[in-house]
Amino acid sequence: MKIVTYNVNGLRSRISQFGSLPKLLDSFDADIICFQETKLRRQELTADLAVADGYESFFSCTRTSDRGRMGYSGVATFCRVKSAFSSTEVALPIAAQEGFTGLVENSHNRKCEARNEIVDDLEDEFAKEELLKVDSEGRCIITDHGHFVLFNLYGPRAECNDDERIQFKLTFFKILQKRWESLLRQGRRIIVVGDLNIAPTAMDCCDAGPDFETNEFRRWFRSILAESGGPFSDIFRTKHPDRREAYTCWPQNTGAEVFNYGTRIDHILCAGSCLHEDHDQQGHNLMTCHVEECDILIQYKRWKPGNTVRCHVCVLCMLPCRWKGGRSIKLEGSDHAPVFTRLLEIPDTSEHSTPALSARYIPMIHGVQQTLVSILTKRQLAEQIRSCEMSGSLSNENITSETCNERVKRSSNDCSISGVSPVESCSSNQESEGLISNRAEHSRGFDGDASCNILVMSGSKQSKSLPRNETMKKARKSQGSQLSLRSFFQRSPNPINNAKDSNSGISMSQTDVLQSGNHSDTSSAVDVQCSVSQQDALNSSTPTQDDHELSSYPLEREKTNAALLEWRRIQQVMQNSIPLCKGHSEPCVARVVKKQGPNFGRRFYVCARAEGPASNPEANCGYFKWAASKSGH
């Protein structure tokens, strides 16, 4: 069994990068794929983002808009299975839960099925509001695979001077650890994957300072590891104890990925006994007996080996651009790299089906299928109405709105008998009746024959009107009056020779507008004649639009050349005002302070090269200089 964890930095972006969700998932060739930072809200989940053939998916989305965090985080677990029902596959979970407090309600508006007695213990120590707040940012999906419980996590990030987020992060991991301890006491095995936003040791960070090891989150992380007497094994570090510069995340705005100047904050942990019967022997546990390998999938990095390393100046504005790795290099992908592990000797589980938390049961996705059925139902109703119209045309009889309504009802009954569910049939009838009532209301003043024909139009755009029905033609012109406004702005193919055609086009448009306002035919004809005579008078004394454009062309070209020369002058002034960095004597890049504080909005200049180790002369030299004034002043 292969498990992959990947901070996608926006699921939409990764799907766009690979072409489709199935292509993205298949690229990992894994049984369980865990995504973090999906940046999706619950109402944004659609089939193309959540459903892929051969996979069952489970989503947790942020439920808060606090401090602009709506749609910010989010996690998703995709399980590759052959069958979603009555399956014995380990990849298909037997239970699933959103969040780890047990208080978050799932899409069926009831308590999660995996609620544990730990919830009662947590409520004794934490307020219910505090527990809900921890789980409100969409940072955890738990799937129970029988032999082990899988935690897909996106750990919160906290700046050193943000006391509120620091406290939130401490509470997050404290509650999480209590949930783990409860499961381990029950004899369960645990696998934890995801972006925890913690680099455990100095070996896992490119710029570890002297106080790096004393960070409270790092100390907590090391306390749960087996080396410190804890229950968990850091699978990557256990398999590669001496590997350095093994990073999974790089700052995307400094080009640090070019010099592999990053951190290892994406982890896979495991705890618990092995699956062997003789598991009491010393050294037998989930890590030693079932983990075959673990590594970083560097092929998913944005920066590819062999790319040219050089600083550059933007060819559009002639100013130094933020580092992108060369003029012809376009970095595509997440600022994280995936991590995978492969497990051995994992037997099948008892027969089970997909848990209720699966995306296949989300109303926004499941409802699309119902809507498609209703659309087909509406088409069938439209066909019945059109046949009603055609039969009336052949028999030279007027079709009243009451007759059409009777046939609509009869056709809806036929649809119900033919296999459409009563709910869908009712919904379709209600929508059809709504359209009928709206059209009928607008058709006051027309005779019964016209009213029936308007109903036919509302049922199907392809319905054809009676050739001898003049009132129907008026109704069609009334409905198309907005489209006919295009003729006011369309240039005639031959404005010199076809001036009369242009005038007639304008007159017809005005006629449409007048008819849509329920004016009489007589008044419309008078206005049309006036419009034509006025337009002829204008054409006799005014040059055509093409003649005017030809006469003004040299003037426009002169203005364009003047603007181009002025823009080049501004570019040169801007270029001369940018300082050169001390390390490379190259133009710096201008940036703006976005962090709240006394310097917010102030501009400054830094070296334009990619961030890297100080020992590398090709990397950023660390030059910094404040600009003369704040941005926008």
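The values are calculated or read from the model by the stated rules, or taken from the named source; none is laboratory data. From a predicted model like this one, the values you see are computed outputs, not experimental measurements. FYI the Cβ positions are ideal-geometry reconstructions off the backbone, even for glycines, and counts take in every protein chain you see. The accessibility values were calculated without ligands, DNA or RNA, using every heavy atom of the protein model including side chains. Shrake-Rupley method; radii C 1.70, N 1.55, O 1.52, S 1.80 Å.
Can you pull out the residues in segment 150-176 that are in a loop (DSSP other than H, G, I, E, B) and open to solvent by 10 Å² or more (accessible area, probe 1.4 Å)?
Restricting attention to segment 150-176, the residues satisfying the condition of being in a loop (DSSP other than H, G, I, E, B) are 155-162.
Within segment 150-176, ARG157, ALA158, GLU159, CYS160, ASN161, ASP162 qualify.
Among all residues of segment 599-607, there is none that is assigned to a loop (DSSP other than H, G, I, E, B), within 15 Å of GLY255 (Cα to Cα) and in contact (Cβ under 8 Å) with a residue 40 or more places away in the chain. Every listed requirement among (1) open to solvent by 10 Å² or more (accessible area, probe 1.4 Å); (2) farther than 19 Å from VAL104 by Cβ; (3) modelled with pLDDT of 95 or more is met by GLY68 save one, (3).
For the criterion of being free of Cβ contacts under 8 Å to residues at least 24 places away in the same chain and in contact with an Asp or Glu (Cβ under 9 Å, 6 or more places away or on another chain), GLU159 fails.
Check every one of the helices (runs of 4 or more DSSP H) wholly within segment 1-90 and list those with 1 or more residues that are farther than 21 Å from GLN252 by Cβ. Break it down stepwise before answering.
Details: elements: 11-18, 21-26, 47-50.
Here the list reads 21-26, 47-50.
Scanning segment 271-294 for residues that are assigned to a loop (DSSP other than H, G, I, E, B) and open to solvent by 60 Å² or more (accessible area, probe 1.4 Å), which turns out modelled with the lowest pLDDT? Can you show your working first?
Step one: list which residues in segment 271-294 are assigned to a loop (DSSP other than H, G, I, E, B), which gives 272-285.
Adding the requirement that they be open to solvent by 60 Å² or more (accessible area, probe 1.4 Å) leaves 276-282.
Working: HIS276: 85, GLU277: 76, ASP278: 69, HIS279: 54, ASP280: 61, GLN281: 68, GLN282: 73.
This residue is HIS279.
Filtered by the rule that a residue be out of contact with any Gly (no Cβ under 9 Å at 6 or more places or on another chain) and not polar (S, T, N, Q), segment 238-272 gives LYS239, HIS240, PRO241, ASP242, ARG243, ARG244, ALA246, GLY262, ARG264, LEU269, CYS270. Scanning segment 531-540 turns up no residue that is of a type outside the set (Phe, Trp, Tyr), more than 30 Å from CYS206 (Cα to Cα), in a helix (DSSP H, G or I) and at pLDDT 55 or above. Counting the residues of segment 239-264 that are over 14 Å from ASP295 (Cβ atoms) and free of Cβ contacts under 8 Å to residues at least 12 places away in the same chain gives 1. Selection of first residues in segment 17-33 that are modelled with pLDDT of 95 or more and of second residues that are open to solvent by less than 10 Å² (accessible area, probe 1.4 Å) and part of a loop (DSSP other than H, G, I, E, B), restricted to Cβ pairs under 6 Å at least 6 apart or on distinct chains, gives the following pairs, ordered by first then second residue: LEU21/ALA52; PRO22/ALA52; LEU25/ALA52; ASP31/ALA91; ILE32/ALA91. The set of residues from segment 185-204 being surrounded by fewer than 17 Cβ atoms within 10 Å (Cβ to Cβ), in contact (Cβ under 8 Å) with a residue 40 or more places away in the chain and outside any loop (DSSP other than H, G, I, E, B) comprises just one member, MET203. Considering segment 205-253, and only residues there that are hydroxyl-bearing (Ser, Thr, Tyr) and surrounded by fewer than 20 Cβ atoms within 10 Å (Cβ to Cβ), the residue that is farthest from ILE190 (Cα to Cα) turns out to be THR214. Only one of the listed residues (PHE600, PHE604) is of a type in the set (Phe, Trp, Tyr), over 21 Å from GLU257 (Cα atoms) and either surrounded by 14 or more Cβ atoms within 10 Å (Cβ to Cβ) or in contact with a Phe, Trp or Tyr (Cβ under 6 Å, 6 or more places away or on another chain) (or both). That residue is PHE604.
Being closer than 22 Å to SER27 by Cα and open to solvent by 30 Å² or more (accessible area, probe 1.4 Å) is the requirement here; does ILE268 meet it? Judged against the criteria, ILE268 is not a match.
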